[in-house]
Amino acid sequence: MIRYIIKRIILMVPAIIATSFIIYFAMNMTGGDPALTLAPENATEQQIEEIREELGLNDPIYVRYGKYMLGMLKGDLGTSYVTKRDVFKTFMERLPNTIELAFTAVLIATLIAVPLGIYTAIHQNTWKDTGGMVFALFGVSMPNFWLGLMLIIIFSLNLKWLPSGGKEGIRSLILPALTVGMGFAALITRTTRSAMLDVIRQDYMTTARAKGASEKTVIFQHGLKNALIPIITVIGMQLSNALTGSVLAETVFSWPGVGRLIVDSISKRDTPMVTGAIIMSCVLMCVVNLVIDLIYAFFDPRIKAQYSRKG
Amino acid sequence: MAKLNDNNEVKSRSMAQETWRRLIKNKGAVIGLIFLLTLVVVSILSGFIYDYDTDIIALNMGEALQAPSAAHWFGTDSLGRDIFARILYGARYSLMIGVGAVAIGLVIGVTLGAIAGFYGGAVDQIIMRVVDVFYSIPNIMIAVVIVSLLGTSTVNLLIALCFTCATSFTRIARASVMTIRDQEYVEAAYELGLPTWKIILKHIIPNCLSPIIVQVTLLIGTTIIAASSLSFLGIGVPSPAPEWGAMLSEGRQHIRDASYMCVIPGIAIMLTVLALNLLGDGLRDALDPKMKK
Amino acid sequence: MKKKLLAALLCVAMTVSLTACGGSSASTDTAADAGTTEAGAEAGTTATGDVPAHKEELIIGTAVDINSLDLQNQSDQINNICLKLTHQTLFDLDADTNRIPCLATEATWIDDNTIEIKLVENACFSDGTPLTAEDVKFTFDMALESPVAGNLTGLISTDVVDDYTVHMNMESYSNDFMMSLTYIPFGIQSKAAYESGMEEPFKIGSGQYVFDEWLEGEQVSFVKNENYWGSDPGVSDRITFKPYLEASSRVIALQNGEIDVCIDPPANELQYLEEDENITVYEQAGTRLFYFAFNCEKAPWDNQTLRQAVACAIDRDAVLQAAVYGKGTPQTTILNRGLFGFYDDMEGFDYDVERAKSLMAEAGYADGGITTTLTIANSSPYTNIAQVIQANLKEIGIDVEITTMEDATLKSTCKEGGQELFLWRWNEDIRPDCVYRDLFNTGSGSNYHHFSDPKVDELTDKVLTDKDEAQRTEDSKELQTYLVDACPQVPLYISNLVIAYNKNLVMPYFRGGGDHYWKNAYVAE
Amino acid sequence: MTDKILEVKDLVVQYVTDDGCVEAVNDLSFSIGKKKTLGLVGETGAGKTTTALSILNLIPSPPGEIKSGSIMLDGSDVLTMDQEELQKMRGNDVAMIFQDPMTALNPVMTIGEQIAESIELHEKISKKESMERAKEMLKLVGIAESRAYDYPHQFSGGMRQRVVIAIALACNPKLLLADEPTTALDVTIQAQVLELIKKLITERDMSMLLITHDLGVVAEVCDDVAVMYAGRIVEIGTAAEIFNETAHPYTEGLFNSLPNLKQRGEKLVPITGMMPDPMDLPEGCSFAPRCPYATEACKKANPGLRHLGGSHYVACQAYERENFKLGGEQ
């Protein structure tokens, strides 16, 4: 098992290198001249040249990339053009907020979607099934930010129950998490439903019923546990999505997360920040994926056996 | 050989019929299909009913921000334009962006996927690792990067959005091709001396159609939403085009004083994407051999 | 198993809520602590009698993120506003934008190449060390090497004369230079702090407040400077800037009492704020000029008559209405309102489609037939302005396609001359030279018009160096009239300053351009 | 009455799907005496498994539906029991062994847990105790106790079937439903497993419904035999009656298609044709299209069960004819 984990971690390296390569070149070769962007509006040619020199923009790009990768080994992702702050530090400051939002959102999505998926699977091809799926699909059919705005209108503006933005305790977490979570709920419901449908007609379900187990036990103990792998996969996918992809909700609710950091930095042409933050997100996703794979082993002895063998 | 082909055709036609039969039994899918067909008809008709210059983009400051009424069913926006007309007319933009990006992504993705799956080895490795990288970055991020780098225009928007579609089609196509590649009839075709591209086109692609059809439907919806999200971030379809996302994004400034400006385009997007999702799910069920009884 | 799963999920939920609770309980603690301080302060108040009862924390909801507090390595307005709490410049501005003493008591041109500046003698930094001429020299030496050096045009070097006197060596006399000394990036920083090798030495200033904490993307807070040297210490114990990027949520946050001040409330939501009896909506004339402009290097816009035709075709009242619901003043001249020599009574090009058409004919485009692109930033109000102008220009046969860009991209595109038509804004409320020179002089980095006219360059220099005020006024008038006629840009309107706040806010004055001083502001209780 | 553990009467089970209605079980009646074993014989799709599931009232619904009839289990009707009674009955009074041990076990639970679950459900004992009992059961079916903590994928097919048997017998049911318990196993193991089942039910005084298509198995284990075709019982009687006085053409067909070990030279005679589409059963006797003795009359009306003597019944119109005898008339 431990050998498996180590192997996986080693396998992450090429993925991260590939990502950094693509992002670095995309950002640095097409983004226009950062010196022009950074210089104050009334800067002279000479000042712009100085900025260029200071940022090391006069080296050829492969040299810059090489330097960048060397820095990365030391945990140095460069300094933001805009804030002049350390990219890694800035990212790590934002990360807890993102994690908080992502986990809560996925938790909400799971609490809605898994029961709904089970319910629709049990009542397959009835109006309950259709109704449940339509409800779940609502979440994914709405633009995320629009749902956020609607929630603000309802809960913040009219009912005055919850704050409309910012980050202050658990109350300000509810609306953004709901916004992000509803988008995820559909996919989780869909996956749960089809995984349960696969499982529900399995012989061991009948075995369990024949033992005299109640329907609840059969569905949850025997059914859900077997359907968990695809469900965990999709929850894991959503979690890694949420870790960088909640930019819209973060903008609507002024939530200081990583997604907003990246998008803001893109619009400010803050190349080191964008590059660093995307690479970090990629690392994060790899870690989440690894954790998910390890969770599989926890739920499915067959996979555990596989890992040990491969390990 | 000819005989065999005939048989195949008969079989595939009845497959399609069978799928169709199962599809129309799914209430959700039927509702979705009807809605989408209506939408397409409406968006075509709206071109005859409204004149773009005078009805869709012409300003009428005197009638700005009027709430929905008999004269303006959906009200007017901050420049006095009739929202009902813009919504109807705008359907084509949202649909075209969705369909366009998915179509481009489909061509690129299936080609890459087929190549990767068919040749395997280093080609496969390179293609798939690049796809993995793009897959691991959230769609919206990719789109934002591309649009900000290339500048805002409808063409660049399509490029940005087709990326995401391409990666997922590449994966599907590759997986299907790999399972089919080694089957006997493909080997037979090889031995008959058919060129590779013909084999891919004639034998392999038709066989991965069902997951692709489902994915196309679902991705059109995702793309429409992504396009509106880019509008929200200020890098979508440039004004004054009545694209729903752009209207919605404009409407959010009036979330309090004229919330209909924000609500109505949102509902339009939601219903369209919901219809696509219902249809997609229906197709998935109808095409899924597991669901056969 | 389900139970185990549920338990696990519950654990996650609890952790999240605990973290959150932890956060809030921590803040309650601070509140309690502060409560005692406040009580102490009040006790003190009765003794000294000059600290009014106030809410402990003043929270200001901003429209954008604060991104840097390194004075000389940034130039964003929002950062500057924060820095005005922690740092002081040699001179301040009063409510009418007159230069008033701050760290300097006086400054005089001894000759055309030297300014002598006398410093206050009791000033000290927040770490208690005295602020002396060495620090001033250090600050300006550093500034000359920094990205903000462009605002110090003419300065060659700074010399320390004695502890409280410095000489600034200048290339030539300038009317505007001393006004530049009020610019917060030139806030005096501590030489000792930089030499100590401490992290972020720029955080040491002499202002009423000191930096407290920065939660990236969330808020930046400042607390009172216990070592403040002056006679005007701050009142609020803590001032916090919180970005609310979504305008509507900022307004809602103000109404819900989450913030005390809402910067830039959207014009269309003012009605709700005005209805709210706890909120004051304040409006005054602004200084920010929005304009429509040409790339004068690119055909056909190198044709002056054609530019004038376009100017006549634009309905500025409609623009003003569409952009800010009329909350502003249409303008003819290119100078920001309130600057020295402001003159708006030239004939200019009022909205007159017939005149526009005849000018078009004169320019050789009787039938129109021009297709062009208008490059704009992807934010409000540009989208609306662009659509009005698009409709206006259609009337005279010019087809406009709108291209939107991020601010940063727009700037570099315009700088490189990639645009044809564009919309932009300029906010300057102290130095007219920063309008004439920066926007219209040959080769200036922010001359996005790519406009070049020797007469303009010459007049600009004259206006900067005229010592005779009457002559300077006259030259200013001539320059503006000439520029309006040359028409590299079509000034559209000056937007009003609109700000909404808790009705108990006590704020000495606001600045029309938005560069407010929050140092003495507080919410009365 | 009281000597019967199970009495099924006029049972009708249908599967209603979009494509039509399948009559899986039609007017089925039979009974099993205490400590007796009834063999239910028929081809795949004859409705055997449906019958077994009906006894547990476990027909998957939708699409399945028990239309009418009664299933008296030791005096009480399974079909009128509420959920609680059903759960109490399942596993405790009636247990079932499934055909495919590869799929009948939950892959993510240890086999010990799976056996213990059954015990826990019906007896008020602690987890630990039930685990001990589970281990005993394992020993009983010939698996080392230590393997209780292993997962199904670590066992071979035959071993898994032993586990399934252990689960079924864990609570000492009165009636065991064995649905083709050996079909999925290697031939060499089939005999062992069958032997084990036989031994255990005898030891524990249980009754059994043995579903199979293998007449050899029936001969070895069963007291009584019911032959099913297309949802109906076509012949029922004691094993001796069925084997020695085969009455129904279908039963005869089954015997003819069986290799006779003693007479190796003899050619196997398969039953011609296929089972009719259960969605579209022919009018009259369902077997008529394949029946060598069929007359026009057979295709008109459905034959009822006719008493042949003893407990031997047959559903065949041919017996209306005088002196009809299988094999004799042709």
### Query
Are any of the residues in segment B:173-196 in contact (Cβ under 8 Å) with a residue 60 or more places away in the chain and among the β-branched types (V, I, T)?
yes
### Query
Hey, among C:L359, C:L374, which residue is outside any loop (DSSP other than H, G, I, E, B), in contact with a Leu (Cβ under 6 Å, 6 or more places away or on another chain), at pLDDT 90 or above and buried (at least 16 other Cβ atoms within 10 Å of the Cβ)?
C:L374
### Query
When you scan segment C:238-250, how many residues do you find that are within 13 Å of chain A (Cβ to nearest Cβ) and either closer than 30 Å to C:D96 by Cβ or outside any helix (DSSP H, G or I) (or both)?
9
### Task
Would you kindly identify the strands (runs of 3 or more DSSP E) lying entirely within segment D:124-240 that contain at least 1 residues that are closer than 26 Å to D:K88 by Cα and in contact with a Pro (Cβ under 8 Å, 6 or more places away or on another chain)?
D:207-212
### Task
For C:S75, indicate whether it is within 15 Å of C:I184 (Cα to Cα) and at pLDDT below 85.
yes
### Message
Of all residues being of a type in the set (D, E) and outside any helix (DSSP H, G or I) in segment C:251-271, which is farthest from the chain's Cα centre (by Cα)? Just the residue, please.
### Response
C:E258
### In segment A:252-290, the residues that are polar (S, T, N, Q) and either more than 7 Å from chain C (Cβ to nearest Cβ) or surrounded by fewer than 24 Cβ atoms within 10 Å (Cβ to Cβ) (or both)
A:S265, A:S267, A:T271, A:T275, A:S281, A:N289
### Query
Taking the condition more than 28 Å from C:I389 (Cβ to Cβ), touching a His at 6+ places or on another chain (Cβ under 9 Å) and surrounded by 22 or more Cβ atoms within 10 Å (Cβ to Cβ), does C:Y522 pass?
yes
### Summary
Picked from segment B:35-74 (must be in a helix (DSSP H, G or I) and within 14 Å of chain C (Cβ to nearest Cβ)), the residue farthest from B:W244 (Cα to Cα) is B:G62
### Task
Tell me the helices (runs of 4 or more DSSP H) entirely within segment D:1-107 that contain at least 2 residues that are out of contact with any Cys (no Cβ under 9 Å at 6 or more places or on another chain) and farther than 22 Å from D:T183 by Cβ.
D:83-89
### Message
Quick check on my filter: what residues within segment A:1-35 are surrounded by fewer than 17 Cβ atoms within 10 Å (Cβ to Cβ), in contact (Cβ under 8 Å) with a residue 24 or more places away in the chain, more than 14 Å from chain B (Cβ to nearest Cβ) and assigned to a helix (DSSP H, G or I)?
### Response
A:I2, A:R3, A:I5, A:K7, A:I9
### Query
Can you tell which of A:A186, A:A210, A:A227 is in contact with a strand residue (DSSP E or B) (Cβ under 9 Å, 6 or more places away or on another chain) and either crowded, with 20+ Cβ neighbours inside 10 Å or of a type in the set (K, R) (or both)?
A:A210
### Summary
Checked segment B:256-269 for anything buried (at least 23 other Cβ atoms within 10 Å of the Cβ) and facing chain A (nearest Cβ under 10 Å); matches are B:C262, B:P265, B:G266, B:I269
### Task
Provide a single number: the residues in segment C:297-313 that are at pLDDT 90 or above and surrounded by fewer than 22 Cβ atoms within 10 Å (Cβ to Cβ).
7
### Query
Does D:E136 satisfy the criteria of being surrounded by fewer than 17 Cβ atoms within 10 Å (Cβ to Cβ) and either modelled with pLDDT of 85 or more or at negative phi (or both)?
yes
#### Entry: Enumeration of residues in segment B:136-155 that are facing chain A (nearest Cβ under 10 Å) and in a helix (DSSP H, G or I)
B:S136, B:N139, B:I140, B:M141, B:I142, B:V144, B:V145, B:I146, B:V147, B:S148, B:L149, B:L150
#### Entry: Among the residues listed as C:D317, C:D344, the single one being part of a loop (DSSP other than H, G, I, E, B) and not assigned by TED's automatic domain parsing to the domain that holds C:S174
C:D344
### Query
So which residues in segment C:263-321 are in contact with an Asp or Glu (Cβ under 7 Å, 6 or more places away or on another chain) and either over 30 Å from C:V251 (Cβ atoms) or within 12 Å of chain B (Cβ to nearest Cβ) (or both)?
C:N268, C:E269, C:Q271, C:N295, C:C296, C:K298, C:W301, C:T305, C:C312, C:A313
### Task
Give the residues of segment A:85-107 that are at the interface with chain C (Cβ under 10 Å from one of its Cβ atoms), among the hydrophobic types (A, V, I, L, M, F, W, C) and surrounded by fewer than 21 Cβ atoms within 10 Å (Cβ to Cβ), sorted by residue number.
A:M92, A:L95, A:I99, A:F103, A:L107
### Query
With respect to C:G326, is the statement that it is touching a residue at least 12 places away in the same chain (Cβ under 8 Å), at positive phi and out of contact with any Pro (no Cβ under 6 Å at 6 or more places or on another chain) true?
no
### Summary
Residues of segment B:92-113 being small (G, A, S) and surrounded by fewer than 23 Cβ atoms within 10 Å (Cβ to Cβ), in sequence order, are B:G100, B:A103
### Query
Identify, please: which residue in segment A:112-127 is of a type in the set (S, T, N, Q) and touching a residue at least 24 places away in the same chain (Cβ under 8 Å) and is, among those, surrounded by the fewest Cβ atoms within 10 Å (Cβ to Cβ)?
A:Q124
### Task
From the list A:T120, A:T130, A:T110, pick out the single residue that is part of a helix (DSSP H, G or I) and facing chain C (nearest Cβ under 10 Å).
A:T110
### Task
Please state which one of C:V161, C:V235 is in a loop (DSSP other than H, G, I, E, B), out of contact with any Lys or Arg (no Cβ under 8 Å at 6 or more places or on another chain) and among the β-branched types (V, I, T).
C:V235
### Matching residues, segment A:148-161, being modelled with pLDDT of 85 or more, touching a Ser or Thr at 6+ places or on another chain (Cβ under 8 Å) and surrounded by fewer than 24 Cβ atoms within 10 Å (Cβ to Cβ)
A:L151
### Message
Suppose we filter segment D:284-325 for residues that are over 26 Å from the mean Cα position of the chain (by Cα) and in a loop (DSSP other than H, G, I, E, B); how many remain?
### Response
11
### Cβ pairs under 6 Å, 6+ apart, first in segment A:164-188 and within 12 Å of chain C (Cβ to nearest Cβ), second β-branched (V, I, T)
A:S164/A:I152; A:S164/C:I252; A:L173/A:T104; A:A177/A:T104; A:A177/A:I108
### Message
Could you list, ordered by first residue, the pairs with Cβ atoms under 7 Å in which the first is in segment B:22-46 and without any contact (Cβ under 8 Å) to a residue 60 or more places away in the chain and the second is surrounded by fewer than 17 Cβ atoms within 10 Å (Cβ to Cβ) and among the charged types (D, E, K, R), at least 6 apart or interchain?
### Response
B:K25/D:D18
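The values are calculated or read from the model by the stated rules, or taken from the named source; none is laboratory data. Every value quoted in this text rests on a predicted model; they were computed, and no experiment measured them. For neighbour counting, all protein chains shown are included, and Cβ atoms are generated from backbone atoms with ideal geometry for every residue, glycine included.
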